[in-house]
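Below you'll find the structure, written out as structure tokens, and then a few comments.
Quick note: the coordinates plus some simple rules give every number you see, no bench work behind them. Treat the numbers as computed from the prediction; the structure is a model and nothing was measured. Cβ placement follows ideal geometry from the backbone for every residue including glycine, while neighbour counts extend to all protein chains displayed.
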Amino acid sequence: MILKGKKFSVMDLFLLRGLISYVARVIVLGSKNISSKESIMSSELLERPLKKHLPTEAVTSPHFEKIPVKGYEQVIRVTDQSAKLDAIIAIHNTTLGPALGGVRIYPYANVQAALDDVLRLSKGMTYKAAIAEVGFGGGKSVIIADPQKTKTPELLRAFGRAVEKLAGSYICAEDMGCTTEDVKIIRQTTKYVVGLPHVKSSGDPGPFTAWGVFRGIQSVVKRLYKSDSLEGCKIAVQGLGNVGGNLVEHLFWAGADLILSDLDAARLERYAKKYRAKTVSAAEVLRVECDVLAPCAMGGVFNDATIALLRCKAIAGAANNQLLSDVHADVLKEKGVLYAPDFVINAGGLLNVAEEVEDEGYTPAHPRYKTHHIYDTLQAIYEIADKNRESTHSAAVSLADYRLKYGIGRRVIPPTFHHSAEPLSVGR
Ligand SMILES: NC(=O)c1ccc[n+]([C@@H]2O[C@H](COP(=O)([O-])OP(=O)(O)OC[C@H]3O[C@@H](n4cnc5c(N)ncnc54)[C@H](O)[C@@H]3O)[C@@H](O)[C@H]2O)c1
């Protein structure tokens, strides 16, 4: 096409059309508080094609088999025989925005075990996102594979094609068994990913999660002793990884009396030396007499057997799904142990990554501010729990349910995937 002596290709016109519709959309979104669910899903931004980045390998469309599960919007078994992909994507709830959640790669014993895990984790993400008010819903995916042996680029790309097929209703990120490098490969076949290294990305979530947990520890101490000073407080930390390690640094500078535990003996010794901390074995840490126990390792740590051993006054840590089941929140309450609900206290990383899809790109000051206020959210939850004579876990779930019911914190501006503007190196 020729316009005023200039020649335009079909691609130029396509890009121009995209730009006009984007500007129009921003104007519309800015002027009306429209229900975002449909607008997000149909947004031109989310439909920006990725095809030029696709690898050249023979592409088969992953097979979708819906698994009906009450209370979940979509649960899909995804298979692709040629890529040896067997995965489940669970979208629990998208009332407040597209479902966001990591990709867990684990050699589950069977499909039922994978299903149980993905259902539990995706629901947890809904609650975490609702309380954090990040404008996302809850989702998660699991790939049944051994990250050391059967994780291949073909499998990851086939998984990416499945995510792409969901057209933005599920956005994935790294999780256990799935590294940033793996997410980069998934990115070759879908743009619906966050947490990749690029100029506008949010980077490592660990330090933000750790700061939120530190503020959460201050919140339980305030509740127990009417002052949030940690000077002289006995705090036991289980797990000195990305979150626990950063947390220990904050606690040290706040004057806490530290008791540390990690399965990795060399790491434990290094931290103990650096922070003049006492050490205990992995078996002992739950029995330690202390003001606060901070579980920063694995989930399911509080069950009938372990709660009976506890000699802490409060629990405030990063681990996901700390309670084996909801009833254990009541058991903790009966025992008089104050519990900072995991999905509230460990939201710093989510707050951080959520910032990366803002139109203007990532800026650390916003998630820092929001993470700092995890303290206040927790204080509000303790108040609600007291008033209703319920556990803190139950109060947090009620607060999240309330936000979901009335759409509080619903996303109105669609997420922007800044990485999709960058060229990819599609190595095979
Ligand atoms: N990284 C984040 O931003 C983030 C965000 C939200 C929740 N979480 C959750 O917080 C927890 C810790 O995350 P991370 O990123 O620090 O993980 P990580 O893998 O970096 O660290 C875990 C640490 O725990 C130790 N460990 C494992 N089992 C243990 C046990 N029984 N006793 C003592 N130590 C043990 C490991 O040796 C390791 O040092 C996980 O449950 C994770 O799901 C992390």
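Ordering 222-234, 351-363, 126-138 by mean Cβ neighbour count within 10 Å, with the highest value first, yields 126-138, 351-363, 222-234. Using the Cβ of residue 234 as centre and a radius below 15 Å, the other residues enclosed give a net charge of 0, where K and R count +1 and D and E count -1. Its Cα gyration tensor gives the stretch 230-294 an equivalent ellipsoid; the semi-axes, largest first and in whole Å, are 16, 14, 10. Pairs of alpha carbons in the stretch 200-251 separated by more than 15 Å make up 48% of all such pairs. Relative protection proxy for 388-395, 365-372, 93-100, from highest mean packing down: 93-100, 388-395, 365-372 (other beta-carbon atoms within 10 angstrom). The slack between residue 308 and residue 63, meaning 0.36 nm per residue of separation minus the straight C-alpha distance, is 83.5 nm. Sorting 157-164, 210-217, 67-74 by their mean Cβ neighbour count within 10 Å, with the most densely packed peptide first, gives 210-217, 157-164, 67-74. Principal axis analysis of the Cα atoms in the stretch 142-186 yields extents of 30, 17, 17 Å, listed in decreasing size.
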